[in-house]
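> A single structure is presented below for examination.
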Amino acid sequence: MKKFKLQLFHKIFIGLILGAIVGFVFSNMGGEENAFIAKSIPVFSLLGDLFLRIIKMVVVPLVFFSIISGVANLKDLRKLRSIGIKTILLFFGTAFCAVTIGLILAQIINPGAGITLGEAASEVQVKELPGIADTILNFFPSNPVESMANGEMLHIISFSIFIGAALLMMGERGEELIHLIDKCSEIMFKITDIVVQFTPYGVFGLMAKATTKFGLKIFGPISKFILTDYLASFIHIALVYSLVLIVFGKVNPIKFFKKAFQTWLVAFSTCSSMATLPVTMRIADEELGIPKENASFVLPLGATANMNGTSIYFGIIVLFAAQIYGIELSLKMQALLVLQATLLSVGCAAVPQVGLLISIALLTSMGLPLDGIALVAGIYRIVDQAHTSTNALGDLVVATTVAGMEGDLDREKFEHGGMFAKSKDVKNKAA
């Protein structure tokens with residue numbers, strides 16, 4: 001009988017649970033006010049920060065080479081146009097549904113009712129919302145090298161698409177460079193395989209630190225807000241994502257969610273779509289049967305432009321802020337909110353706390369008070385876990401659906417591939 005071996009996603013889940021338990025115990029022992037615990041928190045921070053640092057080390061070259069490789073290996077500009085249009089339409093369509101679900105649930109649960117405000121949001125700095133022209137310009141770099149140094153993902157993605165398209169147009173003359181870039185992309189995937197092995201320890205550190213700081217007190221006066229946010233995310237995943245997979249991708253959503261669980265888990269733990277990207281790309285290839293050229297184009301783009309979880313939050317926070325002051329929003333205003341939040345979610349950058357920053361500008365543009373932000377800011381990390389995990393899962397949903405619509409999805413691997421096939425092989429060999 002062969003000894004059971006822990007898979008990486010098992011280890012990540014164990015790290016998540018252990019981190020939450022340790023943080024909960026430390027929180028009940030006094031949290032940061034306890035001298036011993038105060039000395040322990042930097043250890044948790046080191047594990048979490050080191051994990052995020054080495055992930056960030058990989059992300060820029062991984063995105064750069066993988067997108068160029070993905071676009072160049074499509075072999076046909078018509079294929080690039082077809083995949084690109086389907087991807088963008090799915091991004092906007094799912095974001096539209098996400099904002100709508102957030103609004104509907106916020107109206108039903110009414111999370112802002114009965115809350116007595118404490119301190120005002122005097123310390124919150126309002127960030128100006130860019131106009132339409134600036135938003136379009138922000139998709140393209142004026143200096144690609146500077147953008148790479150600063151980690152400006154939208155700039156890197158657009159520049160990489162241009163390079164890939166140019167190599168595609170060069171035909172045979174570009175084949176040698178395409179071959180070299182393919183090798184560079186493979187190198188980055190190998191480095192990624194090494195880096196993701198540290199994920200369980202990083203997840204433990206991040207969860208232990210967060211739970212030590214917040215404890216159970218976060219579920220006090222704004223528990224209804226947290227409930228609304230998590231419930232909306234669950235409904236969006238179970239309903240919208242499942243329908244997209246069934247109707248457009250022609251795949252079994254239950255099998256998809258089982259294989260994509262690791263992506264959800266890493267995103268939930270790290271609150272970073274970009275930190276989850278290496279894991280997502282590996283799952284797309286090994287578990288779901290998405291061709292590398294498709295995944296290399298859709299997933300990095302999705303990690304920056306596909307923010308369904310953040311869209312849900314935009315809908316909820318606006319009604320939450322209005323409900324605190326008993327402000328009634330007209331149907332017209334709510335309809336405009338859906339459109340504005342959809343555009344914002346596709347255009348906002350994949351950086352930590354971006355939903356909080358953009359929501360400040362969104363409330364300001366609508367003339368609503370910012371006191372609701374002051375209440376949410378303290379527990380934003382908790383709700384951001386739901387946002388980010390929904391975002392990352394949405395990237396895989398779109399990549400799988402587009403591959404299915406294009407006829408590129410390896411359905412045999414989707415049905416029987418990945419860790420499930422490996423475990424079956426092990427059993428057969430043991431027998």
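The values are calculated or read from the model by the stated rules, or taken from the named source; none is laboratory data. Worth saying up front: this structure is predicted, and the values here are computed from it rather than measured. Each accessible area value is taken on the protein alone, full model and side chains, heavy atoms only, with ligands, DNA and RNA left out. Shrake-Rupley method; radii C 1.70, N 1.55, O 1.52, S 1.80 Å.
> Could you tell me, in Å, what Rg and Dmax come out for the Cα atoms of the stretch 28-94?
Rg and Dmax of the stretch 28-94, Cα atoms, are 22.0, 63 Å.
> Using only the Cα atoms of the stretch 289-336, each taken as one equal point scatterer with no solvent, compute I(q) by the Debye sum, divide by I(0), and report log10 of the ratio at q = 0.27, 0.32 Å⁻¹.
Calculated log10 I(q)/I(0) at the listed q: -0.99, -1.10.
> Oh, and also: Which links in LYS5/LYS258; LYS86/LYS259; LYS86/LYS209; LYS56/LYS250 stretch past 29 Å when you go from one Cα to the other?
Pairs exceeding the cut-off: LYS86/LYS209; LYS56/LYS250.
> Let me ask something additional. Which whole-number value in Å² is the accessible area per residue of the stretch 277-329, probe 1.4 Å?
Result: 19 Å² of accessible area for each residue.
> In addition: Using the heavy atoms of the protein chains and a 1.4 angstrom probe, tell me the accessible area per residue for the stretch 46-89 in square angstrom.
Normalised by residue count, the accessible surface of the stretch 46-89 is 48 Å².
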